[in-house]
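Some notes on the structure that comes next.
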Amino acid sequence: MSPYNIIGKSISRTDAKAKVTGSALYIDDLRFPRTLYLKVLRAGVPHAQIKSIDTSEAESLEGVYKIISRNTEGIYKNVLYGTCIFDQPIMAFEKVRHPGEVVAAVIAESEKNALDAIKKIKVELEELPFVLDPIEASSPEAPLIHKQNGEYKHVPTFVPIPKTNIFYKYQLKKGNHENVFLEADITVENEFEYPLLNHATIEPHGAVAYWTQTGDLHIWSSSQAPFVVREVLSDIFELPMNKIHINVPFLGGGFGGKSDYTIEPLLAACARYVPGHHVKFVLTRKEVFIGTVLGRGLKGTMKIGAKKDGTFMGLEAQLYFSDGAYGDTSCNVVLAAGHNCAGPYNFPNCNLKSYGVYTNTPPVGAMRGYGHPEGQFCLERLIEQVANLLGIDSKKLRMKNFLKPGDTNSLNQTITEHNGDIRECFEKMNEALSFDQLPEEDNNFIYGRGVAALIKSPVQTTNASSNVFLKFNEDLTVNISIGGVEMGQGCLTVLAQIAAEKLRIPVENIRINHEINTQITPYEWQTVASMTTMRVGNAILNACDKAITQFKNNAALVFNCNSQDLVYDGRTVSYLGKSIPLKELVLGYQYEDGHTVGDPILSVGSSVVRDVTFPDLETGQYQPYEWTFGAQGCDISIEKATGKIKVLHFVTALDIGRVINPETSRGQITGGVMMGIGAALKERILFDEKGIMRTKSLRKYQIPTLSDMPKKSTCILIENPQPNGPFGARPMAEHSIIGVPPAILNAFQHATGISLTKLPASPERVLEALKQRS
């Protein structure tokens, strides 16, 4: 019997009606007076020096208000911006570092006017040698993309290697890191590749900028990180934050591709030339591919050492990330991959190296689960090979080496009971997967079964916080303002359930305000790392506690007693058999003669991450936040004639602490699995011999569709409560993407005996592998 009334219930999405009826407003739905349009000219080559730009013909065209380029007076040529590494200019002024980089921009009365002007701009470029592969780019002989690498302003913990393309090297040392395999009987090593991917959100990136005549900056943006955008713009324009208004309406998907910042600095810099006008900049799908941020992009090696009985003794990794022309938005990806590539296993000795490398591709940013899918793909594939070499069932090998309370993970943190139960996840996943018998091979198909385990920590700044404003209205409805962004994940519903449970009022009485304006919305670092339910949920609980205390304080003035002796039940506040309805206390208590005591019910709640530290520069050891364990497995069929892999049954088991809303939890898991299937079987950014992206449309890039969905999906939600989570909940939104590719490729190995180590397992690669089998 659940002790809760609302927690654990599948409440319908509070934003569903607005979205399915089309009344929810997104960036491109917004209309403003005196609107102009921004369009940009992109370099079209991966690496070049800019010799000259001629905009004279374009400037004479009808409807053109302003053309901005390196020739424009006051265009912030000396400004480099970022948050970890300050390496990015407003646009390319002297040097082009990837084909999608902007070299000129046009503000005009219409998009057509702007595009006509773009065609008339003449740019002379001197092309330079380029490099796309991160391992090639890290060599001393590679073309140097940033001569200033090592001189840029950067956070002290993100250390570059000067005079190379390596802008960040992270190394994690644990135990005997100099001789990791000293006590191992066998070692297994392999090379792995996780290609560059696109986030493929339904809504492309878009923003509107407006400079007032008094110097205030208003931005409406499709952003996951309005407060980071505010910080970056304040730094660029040396503008006080109280003069910057960042507004975020509904967001049509993010997956990390709209975190940090993307188009806002360029748009704001250009719009400053036309104060009093709103300037709108909405990207085409092609521009989203070539001109924002990508995800993943790993090439590397991993090596496991083990005893003959299967006990893991050591782990080595060298992970190289193709992080594009600018490194700031990928620093934490490099960090996360470095320490999370050890997965949920006990490795007493580790030497894990992770490199962020400049390449002549679009910058890489956060992507669902960043760093975790990459490193754990390598690990879970390699564990399968260790099992084959030792002749041990891979499931038993994993169970033998899973972290348990008292063990230390790669960061030397001691695992406790409250971290969750990886063994329970793995056992329940296996039980569900084994329920159906795997078919035998026939003339047309081969069948395989594969599993993978996972762990995830939220990678965030050490002082990340969530804050909320709570207000009771006269009719006992409640407004709660948050800085977290609703982008399809269902946070408005889950957070309303948390508040309603705590306040003991109907969930219909709670409105979580989704509209964000940094002038009036409480601070939120950014909506990433699967932390909204946990961090914002805790902030809401904090605000609810204060509101309840305020009700009691008001009633105590009436009862003339200590507020600690009062009982709040969501309808009244009572004392010794007497009670006062909350409606009579919500604005303070008013006596019959009209005089009032007490105060209106308004509160502020906060949740700040505690005890999170920076990585030690020598060992790489540091304290992240909390962990979530999980396990995934699948049955697949492989069509012999075409090489096409079809997922028949996919199982995910996550220990999420406490299930707030089963329906939204299953939705998150199902969506993550589908994204993982795309990465495993279809998705890959490709470039031609000239360094130009070939896959710059959804038709060519090929995201998974309904036909790619597993025939059967099983979601198992395990509840071992997290003591510091709201009602015991822990993060879970990104996690289901992590184990999908290794589980599918492990199933392929089970079916064929062939080990694939490069993603995706496309039909072409599968057919080539099947030739080896025959």
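The values are calculated or read from the model by the stated rules, or taken from the named source; none is laboratory data. In this text the structure is predicted, and so the values were computed from the model without any measurement. So basically every Cβ, Gly included, is an ideal-geometry build from the backbone, and we count neighbours across all protein chains shown. Note: accessible area is taken over every heavy atom of the protein model, side chains too, but ligands, DNA and RNA are not part of it. Shrake-Rupley method; radii C 1.70, N 1.55, O 1.52, S 1.80 Å.
Some points to look at:
- Looking only at residues in region 616-656 that are of a type in the set (Asp, Glu) and part of a loop (DSSP other than H, G, I, E, B), the one that is surrounded by the most Cβ atoms within 10 Å (Cβ to Cβ) is GLU626.
- Taking the criterion of being crowded, with 19+ Cβ neighbours inside 10 Å and either hydroxyl-bearing (Ser, Thr, Tyr) or in contact (Cβ under 8 Å) with a residue 60 or more places away in the chain (or both), the residues of region 141-151 that qualify are ILE145, HIS146, ASN149.
- From the options ILE754, ILE718, ILE737, ILE744, residue that is among the hydrophobic types (A, V, I, L, M, F, W, C), closer than 30 Å to PRO99 by Cβ and at pLDDT 95 or above: ILE737
- When the criteria are applied in full, SER110 meets the requirement of being more than 33 Å from the chain's Cα centre (by Cα) and open to solvent by less than 50 Å² (accessible area, probe 1.4 Å).
- Every test in (1) open to solvent by 10 Å² or more (accessible area, probe 1.4 Å); (2) touching a Lys or Arg at 6+ places or on another chain (Cβ under 6 Å); (3) over 30 Å from PRO275 (Cβ atoms) is passed by ASP216 save one, and that test is (3).
- Screening the candidates VAL659, VAL740 for the property of being open to solvent by less than 20 Å² (accessible area, probe 1.4 Å), in contact (Cβ under 8 Å) with a residue 24 or more places away in the chain, touching a Gly at 6+ places or on another chain (Cβ under 6 Å) and closer than 29 Å to ILE498 by Cα yields one hit, VAL659.
For every residue, the table says whether it meets (1) open to solvent by less than 30 Å² (accessible area, probe 1.4 Å); (2) among the small types (Gly, Ala, Ser); (3) farther than 19 Å from PRO600 by Cα.
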position: ILE480; (1), (2), (3): yes, no, no
position: ILE498; (1), (2), (3): yes, no, yes
position: ILE516; (1), (2), (3): yes, no, yes
position: TRP525; (1), (2), (3): no, no, yes
position: LEU566; (1), (2), (3): yes, no, no
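- Residue list for region 746-774, restricted to those being touching a Ser or Thr at 6+ places or on another chain (Cβ under 8 Å) and over 19 Å from ASN444 (Cβ atoms): ASN746, GLN749
- Test set (1) outside any loop (DSSP other than H, G, I, E, B); (2) open to solvent by less than 20 Å² (accessible area, probe 1.4 Å) - TYR326 fails condition number: (1)
- Qualifying residue in region 233-247 (condition: surrounded by fewer than 16 Cβ atoms within 10 Å (Cβ to Cβ), in contact (Cβ under 8 Å) with a residue 24 or more places away in the chain and part of a strand (DSSP E or B)): no
- Those residues of region 154-175 which are part of a strand (DSSP E or B) and within 17 Å of PRO143 (Cα to Cα), in sequence order: ILE166, PHE167
- Only a single item in (1) over 22 Å from ILE716 (Cα atoms); (2) β-branched (Val, Ile, Thr); (3) crowded, with 20+ Cβ neighbours inside 10 Å is not met by ILE422, and it is number (1).
- The residue list PHE255, PHE250 contains one member that is open to solvent by 30 Å² or more (accessible area, probe 1.4 Å), outside any helix (DSSP H, G or I) and touching a helix residue (DSSP H, G or I) at 6+ places or on another chain (Cβ under 8 Å), which is PHE255.
- Screening ARG730 with (1) open to solvent by 40 Å² or more (accessible area, probe 1.4 Å); (2) under 25 Å from VAL494 (Cβ atoms) gives one miss only, at (1).
- The residues of region 179-195 that are closer than 29 Å to PRO362 by Cα and touching a Lys or Arg at 6+ places or on another chain (Cβ under 6 Å), listed by number, are GLU193, TYR194, PRO195.
- Flag if TYR320 is open to solvent by 20 Å² or more (accessible area, probe 1.4 Å), touching a helix residue (DSSP H, G or I) at 6+ places or on another chain (Cβ under 8 Å) and either without any contact (Cβ under 8 Å) to a residue 40 or more places away in the chain or within 28 Å of HIS735 (Cβ to Cβ) (or both): yes
- Unique match (being at pLDDT below 95, crowded, with 16+ Cβ neighbours inside 10 Å and touching a Cys at 6+ places or on another chain (Cβ under 7 Å)) among PHE192, PHE158: PHE158
So that you can scan it fast, the table gives a plain yes or no per residue for (1) at pLDDT 95 or above; (2) open to solvent by less than 10 Å² (accessible area, probe 1.4 Å); (3) among the aliphatic types (A, V, I, L, M); (4) part of a loop (DSSP other than H, G, I, E, B):
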| site | (1), (2), (3), (4) |
| --- | --- |
| THR664 | yes, no, no, no |
| GLY667 | yes, no, no, no |
| GLY672 | yes, yes, no, no |
| ARG684 | yes, no, no, yes |
